[in-house]
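Encoded as structure tokens, the structure appears first; notes follow it.
The values are calculated or read from the model by the stated rules, or taken from the named source; none is laboratory data. Everything quoted here is computed from the prediction, not taken from an experiment. Note: ideal-geometry Cβ built from the backbone for every residue, glycine included; neighbour counts use all protein chains shown. Each accessible area value is taken on the protein alone, full model and side chains, heavy atoms only, with ligands, DNA and RNA left out. Shrake-Rupley method; radii C 1.70, N 1.55, O 1.52, S 1.80 Å.
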Amino acid sequence: INMFKLPISLGIRYLTSSKGAYGSFYSIISIIGLTIGVGALIIVLSVMNGFERELQTRILGVIPHALIKSDNPINYNDKTLIDSLNVEGIEAYGPYIELQGLIGSNDRSRGVFISGIVPESENKMSILPEFMVRGSLNDLKDKSGVVIGSWLSRYLNVSLGDEVTLFTNTTRTNIFGTYPRTIKTKIVGIFELNAEPDQSLVLINHNFARNLVSLEEGYTSTIRIKTKNLFEVDRVGYSVINQLPTDYFFSTWKLTQGTLFKAIQMEKRLVSLLMFLIVTVASFLILTAIVTTVKSKEREIAVLKTLGMRDLDITVIFLTLGLLISLIGITLGLILGIIITLNLNNIIYLADVLFNYRFLDLDAYFISYFPYEFRLNQFVFTTISAMICSILFAIYPSIKASKLEPVEILRYE
């Protein structure tokens, strides 16, 4: 570093002098471009991280991570089954029954997924107890009571204590024929996730569901599993069924929600690529800034070379200049991105008021605000990538500056 002390100090001086890069139009444009590009990349990535987290929390926090199923009714007190569920990665498990059906009231009906749960253990299994707006899951009784989402309650125009009719895909037979089961029951709770389950999920007590599917006490149709890591469900599922008879199999959240999360990941990559192209274009402007600075400093370069400065030292001067411009732009971009992200909801609200237009509609999105999540690895990747692009674009004009001939430059001085 000591051997390049003079070139580095000259590079800093060329940036800060009034006639140097600091005062150059192209340098200012480079800094502004990098600031906007890096800031936009931070904002977009942070907001998409937030949406991804909210989807994971609000959807995967409710639906089963994995389901162990069998061709026959499952005895959930069976020792072999219990031993198989004591594998690494399982946070909680319990009996669970899935049904499809209709729920109706006030001349309206809607297709729903009916889930038979054990209310007492739901705190361990899902986030629903945290999002109950009226009533409680513990009010689900063995033979009565349903919990529905807030959207569904508004659609059916019902509230806590109102009666609804459930039509299930299970059947009963009498002398007149075979009919789907119809049950009249009351709403004992309403949850609000501001997500798709608000429209389609109905909860009943596991014993209530067991009676609907004609299972004996102690038996269930599936075992619900909550894993510690969402993305290890396949490993956990195989670990469990490998210890069970061959009539057992499993399914995971990837079967029902996997496509959604793959789409989010793909969209995230594409948007990040587009934002990174903006950063690359801004970095390219550093080349122009260095070229204009070299042109204005030709006489100084010639004098320095005449005094014995090496070509490598001249290259280091302008590499330092390009590095400083990129550092300023990237730092300002990171600061701008963080500040705007932290205040994004206030900015959107202000825009709503100023333009009299609702940019984020609760009916169009599953949440009514912009979530965000900062990730250090993305900050580091953005900074390093922008720096590499800036250095690459600074190398060529810096080398060209070192190849200037002092005789040609000073001939007309």
**Q.** segment 85-104, residues that are surrounded by fewer than 19 Cβ atoms within 10 Å (Cβ to Cβ) and not β-branched (Val, Ile, Thr)
**A.** ASN86, GLU88, GLY89, GLU91, ALA92, GLU98, GLN100, LEU102, GLY104
Q: Output the number of residues of segment 334-353 satisfying the condition of being assigned to a helix (DSSP H, G or I) and either at positive phi or not aliphatic (A, V, I, L, M) (or both).
A: 6
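For (1) touching a residue at least 40 places away in the same chain (Cβ under 8 Å); (2) among the hydrophobic types (A, V, I, L, M, F, W, C); (3) part of a helix (DSSP H, G or I), each residue gets a yes or a no:
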| residue | (1), (2), (3) |
| --- | --- |
| GLU91 | yes, no, no |
| TYR96 | yes, no, no |
| TRP151 | yes, yes, yes |
| ARG154 | no, no, yes |
Q | Selected residue (only one of THR256, THR220 is open to solvent by 70 Å² or more (accessible area, probe 1.4 Å), of a type in the set (Val, Ile, Thr) and within 20 Å of MET125 (Cα to Cα)) | A | THR256
Q: Filter segment 156-169 for residues that are among the acidic types (Asp, Glu) and not in a strand (DSSP E or B) and give the result.
A: ASP162
Q. Is it the case that PHE249 is touching a helix residue (DSSP H, G or I) at 6+ places or on another chain (Cβ under 7 Å), over 30 Å from LYS5 (Cα atoms), part of a strand (DSSP E or B) and touching a residue at least 12 places away in the same chain (Cβ under 8 Å)?
A. yes
Q | Residue ID - nearest to TYR93 (Cα to Cα), chosen from residues in segment 259-295 that are among the aromatic types (Phe, Trp, Tyr) and open to solvent by 40 Å² or more (accessible area, probe 1.4 Å) | A | PHE276
Q: Check ILE127, ILE63, ILE74 and return the single one that is closer than 27 Å to GLY258 by Cα and crowded, with 19+ Cβ neighbours inside 10 Å.
A: ILE74
(Q) I'd like to verify a number: residues in segment 161-194 that are among the aliphatic types (A, V, I, L, M), under 36 Å from the mean Cα position of the chain (by Cα), open to solvent by 10 Å² or more (accessible area, probe 1.4 Å) and at pLDDT below 90, how many? (A) 0
Q) Can you name every residue in segment 296-319 that is touching a Leu at 6+ places or on another chain (Cβ under 7 Å) and surrounded by fewer than 18 Cβ atoms within 10 Å (Cβ to Cβ)? A) GLU298
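Yes or no, residue by residue, for (1) of a type in the set (A, V, I, L, M, F, W, C); (2) under 12 Å from ILE225 (Cα atoms); (3) in a helix (DSSP H, G or I); (4) within 24 Å of the chain's Cα centre (by Cα):
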position: SER30; (1), (2), (3), (4): no, no, yes, no
position: LEU45; (1), (2), (3), (4): yes, no, yes, yes
position: ARG53; (1), (2), (3), (4): no, no, yes, yes
position: PRO64; (1), (2), (3), (4): no, yes, no, yes
position: GLY101; (1), (2), (3), (4): no, no, no, no
position: GLU120; (1), (2), (3), (4): no, no, yes, no
